[in-house]
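Written below as structure tokens is the structure these notes are about.
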Amino acid sequence: MTWSATARGAHQPDNTAFTQQRLPAWQPLLSASIALPLFFCAGLAFIGLGLGLYYSSNGIKELEYDYTGDLGTSNCSVCAAAGQGRSPPPRCSCAWYFSLPELFQGPVYLYYELTNFYQNYRRYGVSRDDEQLSGLPSALRHPANECAPYQLSAAGLPIAPCGAIANSLFNDSFSLWHQRRAGGPYVEVPLDRTGIAWWTDYHVKFRNPPLVNGSLALAFQGTAPPPNWHRPVYDLSTDPNNTGFINQDFVVWMRTAALPTFRKLYARIRQGNYSTGLPRGAYRVNITYNYPVRAFGGHKLIIFSSISWMGGKNPFLGIAYLVVGSLCILMGFVMLVVYIRYQDQNDEDEDEE
């Protein structure tokens, strides 16, 4: 008996207000006079915020073009037919002509959009080697098993970057040209391709391996590019600060999308005479058509979009706030009716007593 009491006391919490749960506490009792105003105030706040988000989203201008190349829908159909069933598809070019009757207010962002492309498929999403992408030399020579079947090339060389995500890198390219006056020459509009990736991705998660004799190509010597790539990773750009694993197009692509229809930022238009937007006039977008989508029933689009204080065009967020706010007010009225009805009944019962 003495042993049991001693053992029990050794494991007993200290006799303090915190361990014995004697701290002062406050438990709110929500009466109708408190709960009903809360519901109505929350509903009005949500509706006000929802209206602001919705009208702000509707004020954003967008101009989009489907250049998939379905028969008779665009002049890119020749390129789409040429790449049918061929991997990788042959290089092909097409163009999109459009006119702006007035200023397209800036800053203008250029996106590409893919549909029916499931980057959220689990086997696809884990097919990468984060240690390799962080520039670790050992991971560069020995890619993770998750990258299979894009782990080693047919010749047995390690693939860099390995995995299905990198192998499916979007590789169409665009250039924008402006005809300032009718019948005049087209002038190229500068596209700012810097700063399109997340800061944490570009500065923290992605790193090139250490240079060998000052050369990035020598650092990747003994590796092979993914099967669908036309060139090695160290040759993605002539800019040494935008090539290899820190190429911004590559970094943007490696951040996988949650839904099968998604947009990714390609460039910003904010330099020279186009810092305030795209002036009125005729335009041409030259498209280098490389990326096949017809095999999985997808579509690809070019999108010019302005932004607002809330970001890009997204009417869903405003609608969601409006729905929640309306439900709060509706529930407030329902509870008010119930409260009045039973309050009257309680008063009658008290009078009878």
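Here are a few things to note about the model shown:
- In the stretch 221-246, the residues that are closer than 18 Å to Pro137 by Cα form Cβ pairs under 8 Å with partners that are surrounded by fewer than 12 Cβ atoms within 10 Å (Cβ to Cβ), at six or more places apart or across chains, as follows: Ala224/Ala155; Pro225/Arg231.
- Per the conditions (1) touching a Lys or Arg at 6+ places or on another chain (Cβ under 7 Å); (2) surrounded by 17 or more Cβ atoms within 10 Å (Cβ to Cβ); (3) among the aliphatic types (A, V, I, L, M), the sole criterion not satisfied by Ala282 is (1).
- The lone criterion from (1) more than 28 Å from Gly297 (Cα to Cα); (2) assigned to a loop (DSSP other than H, G, I, E, B); (3) among the aliphatic types (A, V, I, L, M) left unmet by Leu259 is number (1).
- Residue in the stretch 279-290 that is in contact with a Phe, Trp or Tyr (Cβ under 7 Å, 6 or more places away or on another chain), touching a residue at least 40 places away in the same chain (Cβ under 8 Å) and closer than 28 Å to Asn120 by Cβ present: yes
- Test for Ser127: is it part of a loop (DSSP other than H, G, I, E, B) and modelled with pLDDT of 95 or more: yes
- Some residue of the stretch 209-219 being in contact with a Leu (Cβ under 9 Å, 6 or more places away or on another chain), over 27 Å from His299 (Cβ atoms) and in a helix (DSSP H, G or I): yes
- The single condition among (1) outside any helix (DSSP H, G or I); (2) at pLDDT below 90; (3) under 43 Å from the mean Cα position of the chain (by Cα) that Ala35 does not satisfy is (1).
- Count - residues of the stretch 192-218 that are more than 30 Å from Ile269 (Cα to Cα) and in contact (Cβ under 8 Å) with a residue 60 or more places away in the chain: 2
- Residues that are more than 30 Å from His178 (Cα to Cα), more than 20 Å from the chain's Cα centre (by Cα) and either small (Gly, Ala, Ser) or open to solvent by less than 50 Å² (accessible area, probe 1.4 Å) (or both), drawn from the stretch 96-141: Asp129, Gln132, Ser134, Gly135, Ser138, Ala139, Leu140
- Remark: pairs (first residue in the stretch 137-161, free of Cβ contacts under 8 Å to residues at least 40 places away in the same chain and closer than 18 Å to Arg207 by Cα; second residue assigned to a helix (DSSP H, G or I) and of a type outside the set (D, E, K, R); Cβ separation under 6 Å; 6+ apart in sequence or on different chains) = Ala139/Gln132; Pro143/Gln132.
The values are calculated or read from the model by the stated rules, or taken from the named source; none is laboratory data. Quick caveat, the model's predicted, so the values are computed rather than measured. Ideal geometry is used to build each Cβ from the backbone, glycine not excepted, and the neighbour counts take in all protein chains shown. Areas reflect the complete protein model, heavy atoms only, side chains present, ligands, DNA and RNA absent. Shrake-Rupley method; radii C 1.70, N 1.55, O 1.52, S 1.80 Å.
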